[in-house]
Amino acid sequence: MRRINQLLSDQETQDVLKRCTHGVLACLGDEDYPYAIPLSFVYFNNKVYFHSAKQGHKIDAVSKNPKVSFSVIDEDTVISKEYTTYFRSVIIFGKARIVQGDERTEAFMALIEKYSGDQPEESKQKEANSCMQSLILAVDPEYITGKQSIEFVRNQKRQS
């Protein structure tokens with residue numbers, strides 16, 4: 001990364017991934033056009049997991065070429081009078097794959113917990129056991145980087 005002073009620490013980067021509720025998966029689509037898909041996800045066991053229909057453009061794309069990037073925006077506040085935005089974001093480069101077995105079950109439960117954690121345990125377990133019409137995919141990170149605006153860096157230094 002060019003502006004190293006704006007780099008988030010590993011912990012800050014993981015916190016962003018745990019906090020965010022949606023991101024964008026980018027892969028190579030038909031005729032080598034970029035294909036970027038907004039989706040809900042969970043960051044669990046140092047991987048990104050998301051659900052998908054068993055067929056479709058996303059599955060075709062990652063089956064053809066598993067190399068993907070995944071990005072999230074944690075903060076994006078427009079500061080009109082400064083002609084800038086205060087931002088915090090993370091990007092992951094890695095490989096996507098369909099998960100099965102225990103990993104699928106654990107990842108699906110992590111998704112349920114993130115988005116429906118307030119539901120009764122019995123209901124969550126029933127949903128996990130009955131949902132076989134979708135796939136769970138993982139992005140195994142090869143490289144992760146988080147970045148924040150220089151204004152956030154300056155504010156952190158002032159508070160220290």
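Tabulated data
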read-out	value
Residue in the range 53-64 that is free of Cβ contacts under 8 Å to residues at least 60 places away in the same chain, closer than 16 Å to LYS114 by Cα and either touching a helix residue (DSSP H, G or I) at 6+ places or on another chain (Cβ under 6 Å) or among the basic types (Lys, Arg) (or both) present	no
First in the range 147-160 and farther than 17 Å from GLU82 by Cβ, second anywhere and outside any strand (DSSP E or B) and among the aromatic types (Phe, Trp, Tyr), Cβ under 6 Å, 6 or more apart	none
Some residue of the range 57-65 being in contact with a strand residue (DSSP E or B) (Cβ under 9 Å, 6 or more places away or on another chain), in a helix (DSSP H, G or I), within 21 Å of LEU135 (Cα to Cα) and among the β-branched types (Val, Ile, Thr)	yes
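Rundown of residues vs (1) surrounded by 19 or more Cβ atoms within 10 Å (Cβ to Cβ); (2) assigned to a strand (DSSP E or B); (3) modelled with pLDDT of 95 or more, yes/no style:
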site: TYR43; (1), (2), (3): yes, yes, yes
site: TYR49; (1), (2), (3): yes, yes, yes
site: ILE73; (1), (2), (3): no, yes, yes
site: THR77; (1), (2), (3): no, yes, no
site: PHE87; (1), (2), (3): no, yes, no
site: MET109; (1), (2), (3): no, no, no
site: SER123; (1), (2), (3): no, no, no
site: LEU137; (1), (2), (3): yes, yes, yes
site: PRO141; (1), (2), (3): no, yes, yes
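The values are calculated or read from the model by the stated rules, or taken from the named source; none is laboratory data. Note that the structure is predicted; figures quoted are calculated from it, not measured. Note: ideal-geometry Cβ built from the backbone for every residue, glycine included; neighbour counts use all protein chains shown.
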